[in-house]
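Data first, discussion second: the structure below is written as structure tokens.
The values are calculated or read from the model by the stated rules, or taken from the named source; none is laboratory data. Model, not experiment: these values are computed from the prediction. Neighbour counts run over all protein chains shown; Cβ positions are idealised from the backbone, glycine included. Only protein heavy atoms, including side chains, enter the accessible area calculation; ligands, DNA and RNA are left aside. Shrake-Rupley method; radii C 1.70, N 1.55, O 1.52, S 1.80 Å.
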Amino acid sequence: MEKLLPYLFFLLFSTSVLAQKKFVIISNSKIGTVTSEYVQTINLDNNDTTYLVFCSFRNAKYKHISVDKSISFLNDDDLKSFVKDLQNALIEMENKVNMDWTRENYGLSLYDNGNRLFLREKPSKGNGYTTLTKKQVIEFIAWLEAIDFGKG
């Protein structure tokens, strides 16, 4: 969780450098290599409240160095689309197929020679990824579905 904080602060402070903000972690999880937080951000200057689901993972591309990658969701529609893609990928994991879901904020991939789902960072950021087993995908979906986005 401590590794998430620099990314979270950078993301949230980049929108308003001069504002005082309060961060409240509503929910968090660690599933496989993915550490996630559902966060409420309150701008103390104007009482504006925003919400964020932030997921980080160690880039599996590198074995000997630690490079953290992340994906984030700033609204309920994007989060629901991610969950739907995870559910579809979960179904296809049984079929041993090659499939890709490439979205603006993330990517998912399945390969016919394995039994893992590849979770990739935002395509414009690079090609960092981690993998999840079927059991981990089920747990991840359950945690994401439990989020009542926009409420704390």
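Data overview
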| item | result |
| --- | --- |
| Considering residues of the stretch 38-53 that are among the hydrophobic types (A, V, I, L, M, F, W, C) and farther than 10 Å from GLY152 by Cα only, the residue most open to solvent (accessible area, probe 1.4 Å) | LEU44 |
| Restricting the stretch 1-56 to residues that are modelled with pLDDT under 95 and among the small types (Gly, Ala, Ser), the residue that is farthest from TYR129 (Cα to Cα) | ALA19 |
| Residues located in the stretch 114-141, provided they are assigned to a loop (DSSP other than H, G, I, E, B), open to solvent by 80 Å² or more (accessible area, probe 1.4 Å) and within 19 Å of LYS30 (Cβ to Cβ) | ARG116 |
| Members of the stretch 85-138 found to be closer than 18 Å to THR33 by Cα and charged (D, E, K, R), listed by number | ARG116, ARG120, GLU121, LYS122, LYS134, LYS135 |
| Where a residue in the stretch 12-37 is open to solvent by 40 Å² or more (accessible area, probe 1.4 Å) and its partner, wherever it lies, is part of a loop (DSSP other than H, G, I, E, B) and at pLDDT below 90, with Cβ under 7 Å and at least six apart | GLN20/LEU44; GLN20/ASP45; LYS21/LEU44; LYS22/LEU44; VAL24/GLY152; ILE26/GLY152; ASN28/MET1 |
| Filter pass, VAL24 being farther than 18 Å from PHE149 by Cα and of a type in the set (Val, Ile, Thr) | no |
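To keep it simple, each residue is scored yes or no on (1) among the hydroxyl-bearing types (Ser, Thr, Tyr); (2) in a loop (DSSP other than H, G, I, E, B); (3) open to solvent by 40 Å² or more (accessible area, probe 1.4 Å).
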{"site": "ASP77", "(1), (2), (3)": "no, no, yes"}
{"site": "LYS84", "(1), (2), (3)": "no, no, yes"}
{"site": "ALA89", "(1), (2), (3)": "no, no, no"}
{"site": "ASP112", "(1), (2), (3)": "no, yes, yes"}
{"site": "TRP143", "(1), (2), (3)": "no, no, no"}
